[in-house]
Amino acid sequence: MAAVLLVSPAMKTGYLIDMDGVIYRENQLIPGAADFVDALLATGTPFLFLTNNSAPTPEDLSVRLKRLGIHGLCARHFYTSAMNTADFLTETHPACTVFVIGEGGLLAALHERKIANDGIDPSYVVVGEGAATTERLTKAHEHIERGARLLATNPDNWCPMGSEKTRPGAGAIAAFLEASTGRRAYYLGKPNGYMFHRARRKLTEFSLAEPDAVIMIGDTMETDIRGAIEAGMYAFLVLSGSTHLEGVGEYVYQPTRILHSVADIAEEVRSGKPSDRMNSPGFNGAATNGHRQGDRHQTDHPHHAKARPRPAMTK
Ligand SMILES: [Mg+2]
């Protein structure tokens, strides 16, 4: 199913690593994840954790991993969809102002880029995870009706809270505003190429050289694997998160390799030699967590809704 990736020992490889389902799940470290991160740190391999969760700051994430037992990380090892949104606005519209529905990670990222909050006439309504009250949604709706553009940090309709529990994601909040205003949101975060493009640039800055190869490791086909393939990177799927092996064949795009978990490649990172644990045939029906039905991301399904005409401006 998946092609064998040949990595020569001389190749300088950089890693982009998803977190939920790859490093931890339900506040439990995935076995072997700490050893994998140790191998990356010990070999000086450039890497970046890449998450669509726009709520935490990179500092929050580094503390979270420390509490779970992964040491030696700092804020610069993390790149979130909130940081990607701030980068996008700084690059495409530096003087813009924003009305934000989101939490600390998003507010901090925008603040760091000196993007001003504007409750009167914002250029953008920016939607991230959490903080959606009826009052904020009504305000956002009004701003969009008056011409503000709708931007979401990521397309996730829901985010896992455990094997049974989920919470609404930025995609669902943006969908609410799409329905109420008839306008389409633009979704940053994985699988948007801008997320991968900026992450690759960050990897290059850290390693002071362009990596010969960039490998994205993730557990979700629609975001991690799709985005990596479209950005011209290698895509390693791990089965320690949300994807069942049986479902992989249904996708048009396919991972470069399929692994049980990141534990499969720790040795390979240390030695620089391809491991014989690649495409592990021994999955033998490994237990995977429950599969939730329905489109996970707001960008997964074609949208046929026609924009309704906007009301005439009165001011
Ligand atoms: Mg994940």
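The values are calculated or read from the model by the stated rules, or taken from the named source; none is laboratory data. These numbers were taken from a predicted model, which means no experiment stands behind them. We place every Cβ from the backbone using ideal geometry, glycine too, and count neighbours over all the protein chains shown.
Quick notes on this one:
- Against the test of being loosely packed, with under 15 Cβ neighbours inside 10 Å, in contact (Cβ under 8 Å) with a residue 40 or more places away in the chain and not assigned by TED's automatic domain parsing to the domain that holds Q28, the options E178, E135, E164 yield a single qualifying residue, E164.
- Matching residues in the range 142-161 - criterion: being at pLDDT 95 or above and buried (at least 19 other Cβ atoms within 10 Å of the Cβ): H143, I144, A148, L150, L151, A152, T153, N154, P155
- Here is the figure for the range 251-274: residues that are among the β-branched types (V, I, T), under 16 Å from L40 (Cβ atoms) and modelled with pLDDT of 95 or more total 1.
Yes/no per residue for (1) part of a loop (DSSP other than H, G, I, E, B); (2) β-branched (V, I, T); (3) under 30 Å from P274 (Cα atoms):
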position	(1), (2), (3)
L40	no, no, yes
L50	no, no, yes
R67	no, no, no
G72	yes, no, yes
Y79	no, no, yes
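- Checked against (1) over 14 Å from I17 (Cα atoms); (2) within 17 Å of the chain's Cα centre (by Cα); (3) away from the ligand (no atom under 13 Å from the Cβ), L245 meets all criteria but (2).
- Pairs linking a residue in the range 214-228 that is closer than 14 Å to C159 by Cβ to a residue that is of a type in the set (D, E, K, R) and more than 12 Å from the ligand (Cβ to nearest atom), with Cβ atoms under 7 Å and 6 or more positions apart or on different chains, are E222/D300.
- Of residues in the range 118-132 being touching a helix residue (DSSP H, G or I) at 6+ places or on another chain (Cβ under 8 Å) and of a type in the set (A, V, I, L, M, F, W, C), the one surrounded by the most Cβ atoms within 10 Å (Cβ to Cβ): V126
- In the set (1) of a type in the set (S, T, N, Q); (2) crowded, with 22+ Cβ neighbours inside 10 Å; (3) more than 24 Å from K190 (Cβ to Cβ), S54 fails one condition alone, (3).
- Members of the range 83-130 that are more than 23 Å from L61 (Cβ to Cβ) and among the polar types (S, T, N, Q): T92, T97, N117, S123
- So L259, is it crowded, with 20+ Cβ neighbours inside 10 Å, free of Cβ contacts under 8 Å to residues at least 60 places away in the same chain, assigned by TED's automatic domain parsing to the domain that holds I70 and within 16 Å of the ligand (Cβ to nearest atom): no
- Pick from the range 81-112, criterion among the acidic types (D, E) and in a helix (DSSP H, G or I), ranking: surrounded by the fewest Cβ atoms within 10 Å (Cβ to Cβ): E91
- Residues of the range 15-38 that are within 12 Å of the ligand (Cβ to nearest atom), in contact with a helix residue (DSSP H, G or I) (Cβ under 8 Å, 6 or more places away or on another chain) and part of a loop (DSSP other than H, G, I, E, B): D18, M19, V22, I23, I30.
- Members of the range 180-210 found to be in contact with a Ser or Thr (Cβ under 6 Å, 6 or more places away or on another chain) and within 15 Å of Y79 (Cβ to Cβ), listed by number: L188, G189, K190, P191
- Every condition in (1) within 14 Å of the ligand (Cβ to nearest atom); (2) loosely packed, with under 15 Cβ neighbours inside 10 Å is met by M195 except one, and the failing one is (2).
- Within the range 198-221, if we keep just the residues that are in contact with a Phe, Trp or Tyr (Cβ under 8 Å, 6 or more places away or on another chain) and within 16 Å of the ligand (Cβ to nearest atom), the residue that is farthest from Y24 (Cα to Cα) turns out to be A199.
- Looking only at residues in the range 1-37 that are at pLDDT below 95, more than 18 Å from the chain's Cα centre (by Cα) and surrounded by 12 or more Cβ atoms within 10 Å (Cβ to Cβ), the one that is nearest to S81 (Cα to Cα) is T13.
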